[in-house]
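Heads up, the thing below is written out as structure tokens.
The values are calculated or read from the model by the stated rules, or taken from the named source; none is laboratory data. Owing to the predicted nature of the structure, the values given are computational and were not obtained by experimental measurement. Virtual Cβ from ideal backbone geometry, glycine too; neighbours counted across all protein chains shown. Only protein heavy atoms, including side chains, enter the accessible area calculation; ligands, DNA and RNA are left aside. Shrake-Rupley method; radii C 1.70, N 1.55, O 1.52, S 1.80 Å.
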Amino acid sequence: MMEQTEYYVIRRRAVPDVLLKVVEANRLVKSGQVSSVQEAVDQMGISRSSFYKYRDDIIPFHDNAQGTTITLSLQINDVPGLLSQVLQIIAQSNVNILTIHQSIPINGVASLSISVQVLMASGDTSAMVQALEALEGVGSVEIIGKE
């Protein structure tokens, strides 16, 4: 029986340090900034076994997002112009907006669902999410789907 692969999107702060170091070591090797895997793992302070165990299993979100559809769920305050600011941040990331659905505000808060297609010219989607989270009036931002 073939094991089904499952994927999770988690925030950086929830990722153990060793996995973040594997990502960086992998980047060093792929970019040619080091001459060997041993040099990369030595620089990052991890073992070769950790590197080889996890190198294919952890990939920075923005590196693996191109050509995919991402669906975001936001809770936003009912403030004039806030939706426009959200859309401006998304537009600045050069993603293609596929759908937008905003609920009727209840108690001054509306649910917003936006699906975007990540393109070749798109910016870093994790930076887009961070910018949305930092926007005053946005209560939460979650990635609820990625295809």
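Tell me whether the range 48-65 contains one or more residues that are open to solvent by less than 30 Å² (accessible area, probe 1.4 Å), more than 23 Å from the chain's Cα centre (by Cα) and closer than 24 Å to Glu24 by Cα. Steps first, please.
Quick first cut of the range 48-65, residues open to solvent by less than 30 Å² (accessible area, probe 1.4 Å) only: 50-51, 65.
From what is left, the residues that are more than 23 Å from the chain's Cα centre (by Cα) are 50.
Filter once more, so that each one left must be closer than 24 Å to Glu24 by Cα: 50.
So far as the range 48-65 goes, yes, one or more of its residues are open to solvent by less than 30 Å² (accessible area, probe 1.4 Å), more than 23 Å from the chain's Cα centre (by Cα) and closer than 24 Å to Glu24 by Cα.
Go through the residues of the range 20-41 one by one and say whether even a single one is open to solvent by 70 Å² or more (accessible area, probe 1.4 Å), in contact with a Phe, Trp or Tyr (Cβ under 9 Å, 6 or more places away or on another chain) and more than 30 Å from Gly139 (Cα to Cα).
Yes, the range 20-41 contains at least one residue that is open to solvent by 70 Å² or more (accessible area, probe 1.4 Å), in contact with a Phe, Trp or Tyr (Cβ under 9 Å, 6 or more places away or on another chain) and more than 30 Å from Gly139 (Cα to Cα).
Quick one: count up the residues across the range 27-59 that are in a helix (DSSP H, G or I) and either of a type in the set (Ser, Thr, Tyr) or under 27 Å from Val9 (Cβ atoms) (or both). Reasoning before the result, please.
Start the filter on the range 27-59 by keeping residues that are in a helix (DSSP H, G or I), which leaves 27-31, 37-44, 48-54.
Of the ones still in play, those that are also either of a type in the set (Ser, Thr, Tyr) or under 27 Å from Val9 (Cβ atoms) (or both) are 27-31, 40-41, 44, 49-54.
The qualifying residues number 14.
Please go through the range 1-14 and pick out each residue that is open to solvent by less than 100 Å² (accessible area, probe 1.4 Å) and either more than 25 Å from Ser126 (Cα to Cα) or modelled with pLDDT under 90 (or both). Talk me through it step by step, then tell me what you get.
The initial filter retains those residues of the range 1-14 that are open to solvent by less than 100 Å² (accessible area, probe 1.4 Å), namely 5, 9, 14.
Once the filter is applied, which keeps residues that are open to solvent by less than 100 Å² (accessible area, probe 1.4 Å) and either more than 25 Å from Ser126 (Cα to Cα) or modelled with pLDDT under 90 (or both), the range 1-14 yields Thr5, Val9.
State the number of residues belonging to the range 106-144 that are assigned to a loop (DSSP other than H, G, I, E, B), farther than 13 Å from Leu72 by Cα and in contact with a Ser or Thr (Cβ under 9 Å, 6 or more places away or on another chain).
Start the filter on the range 106-144 by keeping residues that are assigned to a loop (DSSP other than H, G, I, E, B), which leaves 107-108, 118-124, 135-137.
Adding the requirement that they be farther than 13 Å from Leu72 by Cα leaves 107-108, 119-124, 135-137.
Retained after the next criterion (residues that are in contact with a Ser or Thr (Cβ under 9 Å, 6 or more places away or on another chain)): 122-124.
Residues in the range 106-144 being assigned to a loop (DSSP other than H, G, I, E, B), farther than 13 Å from Leu72 by Cα and in contact with a Ser or Thr (Cβ under 9 Å, 6 or more places away or on another chain): 3 in total.
Could you please find all residues in the range 84-97 being under 21 Å from the mean Cα position of the chain (by Cα) and either in a helix (DSSP H, G or I) or farther than 16 Å from Met128 by Cα (or both)? Explain how you work it out, then say what you get.
First pass over the range 84-97, keeping only residues under 21 Å from the mean Cα position of the chain (by Cα): 85-97.
Answer for the range 84-97, where residues must be under 21 Å from the mean Cα position of the chain (by Cα) and either in a helix (DSSP H, G or I) or farther than 16 Å from Met128 by Cα (or both): Gln85, Val86, Leu87, Gln88, Ile89, Ile90, Ala91, Gln92.
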